[in-house]
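The values are calculated or read from the model by the stated rules, or taken from the named source; none is laboratory data. The shown structure was predicted, so the numbers you read here are calculated from the model rather than taken from an experiment. Ideal geometry is used to build each Cβ from the backbone, glycine not excepted, and the neighbour counts take in all protein chains shown.
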Amino acid sequence: MIRTRPLRLGTRGSPLALVQANMVAAALRTAHGWDESAVEIVPVKTTGDRVQDRPLAEIGGKALWTKELDRALLDGDIHFAVHSMKDVETIRPEAIRIVAMLPRADVRDRLIGAESITALPHRARIGTSSPRRAAQLRHLRPDVSIVPFRGNVDTRLRKLADGEADATLLAAAGLERLERPDIGVAIPLDVMLPAPAQGAVGIEARADDSETQALLAAIDHGETHACVATERAFLAALGADCHSPVAALATTGGGLRGELLSEDGAYHVTGHRTSADPAAAAELADWLLGQAPPAIARLFAGR
């Protein structure tokens, strides 16, 4: 089938973002029987891609990955945008809707530079700019120090090879999508719970664009969408922001698990609910904050 007007897909221009954009384009072509010309990929340079020398939390948070794509979407330059859902801020503009998600990939982190967290050298330097990963590692290994690491996968691996750190962590899903699944060692979920929405690729369209939404609905993976929505509801109920070390995972068979930590990893609280829905997310958030010491509670001031 030939579309007379191609759908314009907006994406960041990083290697991983382009792989994910092509995954979405291929899924749409298959679902609708379209030819190659039906979807046009439009790379959009984001502030998060341009600024690589400071942690995101210091310069504007997750919106640095989305605001340029949001503008292109609302201005009509693109029909829809593709995101790594863990990089999408919890509160989105009313004019934009999360319409679909691809099937979720491996949610775990992978450790590069050692066979396990316990095998890290004493006082190892760990390269990461994630407050969650930094706090979890400090909780598990109080002796380690954190070295800020930003950039795409190749940039971080190059920094590691250059000796800027002894080890780093990367999302297993990203490495798999880049066809590099053998890099590093997967960290078990009972050791490190992932970031909310980790491993999920989401697709947004304008809330008033029912035609595009209908086309995207054909590739929505309902289970992934529901689980990620629960994890995002957990973040919203916490009032979490990019400074808040928080982990969560919802699964249809395992319910919702959540973890809050202090920045230095000295304190953490964990909890579980047997269901995975927004009501359970709000209940778990309230319970965890009720258990949290001041060193954790102050990190959720947006509540």
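Which condition breaks for G255 when tested against (1) within 17 Å of D241 (Cα to Cα); (2) in contact (Cβ under 8 Å) with a residue 24 or more places away in the chain?
(1)
Taking the conditions exactly as written (buried (at least 18 other Cβ atoms within 10 Å of the Cβ) and either in the same structural domain as S84 (by TED's automatic domain parsing) or at pLDDT below 95 (or both)), does R156 satisfy them or not?
Yes.
Answer yes if at least one residue in region 226-236 is without any contact (Cβ under 8 Å) to a residue 24 or more places away in the chain and of a type in the set (F, W, Y), and no otherwise.
Looking through region 226-236, none of the residues is without any contact (Cβ under 8 Å) to a residue 24 or more places away in the chain and of a type in the set (F, W, Y).
Collect the residues in region 247-266 that are surrounded by fewer than 17 Cβ atoms within 10 Å (Cβ to Cβ) and assigned to a loop (DSSP other than H, G, I, E, B), keeping them in residue-number order.
Passing the criteria: T252, G253, G254, D264, A266.
Working only within region 190-203, note down all residues that are in contact (Cβ under 8 Å) with a residue 12 or more places away in the chain and either surrounded by fewer than 24 Cβ atoms within 10 Å (Cβ to Cβ) or over 26 Å from A31 (Cβ atoms) (or both).
Within region 190-203, V191, M192, L193, P194, A195, P196 qualify.
Only residues that are over 23 Å from V19 (Cβ atoms) and modelled with pLDDT of 85 or more: list them for region 46-85, please.
If the condition is that a residue be over 23 Å from V19 (Cβ atoms) and modelled with pLDDT of 85 or more, then R71, L74, D75, G76 are the ones that fit.
So which residues in region 267-303 are among the charged types (D, E, K, R), in a helix (DSSP H, G or I) and over 23 Å from L137 (Cβ atoms)?
Matches in region 267-303: E283, D286.
For region 203-228, which positions are more than 17 Å from the chain's Cα centre (by Cα), within 23 Å of L74 (Cβ to Cβ) and in a helix (DSSP H, G or I)?
S210, E211, T212, Q213, A214, L215, L216, A217, listed by residue number.
Cβ-Cβ under 6 Å, sequence separation 6+ or interchain: first residue in region 162-189 and within 30 Å of G271 (Cα to Cα), partner β-branched (V, I, T). Which pairs?
A167/I126; T168/I112; L169/T128; L175/I183; G184/I112
Yes/no per residue for (1) under 27 Å from L137 (Cα atoms); (2) not assigned by TED's automatic domain parsing to the domain that holds P15:
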site	(1), (2)
E176	yes, yes
E179	yes, yes
L193	yes, yes
E204	no, no
D209	no, no
Q213	no, no
H225	no, yes
T230	yes, yes
